[in-house]
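This report concerns only the one structure given below.
The values are calculated or read from the model by the stated rules, or taken from the named source; none is laboratory data. This structure is a prediction, so every number in the text was calculated from the model and none was measured. Please note: Cβ atoms are built from the backbone with ideal geometry, for glycine as well, and neighbour counts cover all protein chains shown.
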Amino acid sequence: MSHQAITRFDVRGGMLAALLLTSIAVPAALGIDSAKSKVTATFKQMNVPVEGVFTKAGGSIQFDAAKPEAASASIQIDTAGFDLGMEDYNAEVRKKEWFDSKAHPQATFVSTGFKALGAERYQASGKLSIKGKSIDISVPVTVKREAAATVFTGALPVSRKIFGIGDAGWNEVVDDAVTVNFRIVQPQ
């Protein structure tokens, strides 16, 4: 994959899924293994938990545990690839009032900083851009070596309203809070 990680989140009818991207890296900027990586978005629709999977993740990460402050990441997520388990739902969340995938085919995260917290834990900071709007975020990330890969895991709370995902008519149906969970695998 290129210099990004693709993750998705979509919303169908009243369903919303959110997106998160993480910033982390490995000594030299290496691509992400999209087949082994997984990004999900969980939200509540009418107080019932719903989880969607972002089917496309790509990007590059540069990370050295000895020099975490030098880490960098660039991750992209294909907004049209979010899977809520039914094609009708998936098609709905691609529409203009949700992800507007035609006008905004990707959500992105570009890191601006990385700080060690101890015990394989780090704080990744950067710009999260969804549907043409960018905000500064900071997310805790755990980094572990597994076999011949470096694995980055974490969870990020995201507000769908901040990004204009779902119009006001959905506010009584779909909660604003979305949790994006990620497990990004980078082969070594």
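Apart from one condition, Gly85 fits all of (1) crowded, with 21+ Cβ neighbours inside 10 Å; (2) not in a strand (DSSP E or B); the exception is (1). Would you pick out the residues in region 142-183 that are β-branched (Val, Ile, Thr) and farther than 24 Å from Lys44 by Cα? Once the filter is applied, which keeps residues that are β-branched (Val, Ile, Thr) and farther than 24 Å from Lys44 by Cα, region 142-183 yields Thr142, Val143, Thr150, Val151. In region 146-188, the qualifying residues are those that are under 17 Å from Ser60 (Cα atoms) and over 18 Å from the mean Cα position of the chain (by Cα), and the one that is surrounded by the fewest Cβ atoms within 10 Å (Cβ to Cβ) is Ala148. In region 5-28 there is no residue matching the filter, namely being charged (D, E, K, R), modelled with pLDDT of 85 or more and over 14 Å from the mean Cα position of the chain (by Cα). With the condition kept exactly as written, say whether any residue in region 63-70 is assigned to a strand (DSSP E or B) and either of a type outside the set (S, T, N, Q) or surrounded by fewer than 18 Cβ atoms within 10 Å (Cβ to Cβ) (or both). So far as region 63-70 goes, no, none of its residues is assigned to a strand (DSSP E or B) and either of a type outside the set (S, T, N, Q) or surrounded by fewer than 18 Cβ atoms within 10 Å (Cβ to Cβ) (or both).
The rows are residues; the columns are (1) small (Gly, Ala, Ser); (2) part of a loop (DSSP other than H, G, I, E, B); (3) surrounded by 13 or more Cβ atoms within 10 Å (Cβ to Cβ).
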site: Ala91; (1), (2), (3): yes, no, yes
site: Phe99; (1), (2), (3): no, yes, yes
site: His104; (1), (2), (3): no, yes, yes
site: Ala107; (1), (2), (3): yes, no, yes
site: Phe114; (1), (2), (3): no, no, yes
site: Ser125; (1), (2), (3): yes, no, yes
site: Leu128; (1), (2), (3): no, no, yes
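Could you tell me which residue of region 32-72 is farthest from Phe182 (Cα to Cα), considering only residues that are of a type in the set (D, E, K, R) and under 18 Å from the mean Cα position of the chain (by Cα)? Here the residue is Lys44.
Taken over region 147-165, the criterion of being under 22 Å from Ala65 (Cα atoms) and in a loop (DSSP other than H, G, I, E, B) is satisfied by Ala147, Ala148.
In this structure, Gly58 does not qualify as in a loop (DSSP other than H, G, I, E, B), out of contact with any Leu (no Cβ under 9 Å at 6 or more places or on another chain) and either modelled with pLDDT of 90 or more or surrounded by fewer than 20 Cβ atoms within 10 Å (Cβ to Cβ) (or both).
Would you check which residues across region 130-140 are touching a residue at least 12 places away in the same chain (Cβ under 8 Å), not in a loop (DSSP other than H, G, I, E, B) and not charged (D, E, K, R) and list them? Selection gives Ile130, Ile135, Ile137, Ser138, Val139, Pro140.
Sub-9 Å Cβ pairs linking a first residue in region 39-51 that is at positive phi to a second residue that is surrounded by 11 or more Cβ atoms within 10 Å (Cβ to Cβ), at least 6 apart or interchain, are Met46/Gly14; Met46/Val173; Met46/Val174; Asn47/Asp175, ordered by first then second residue.
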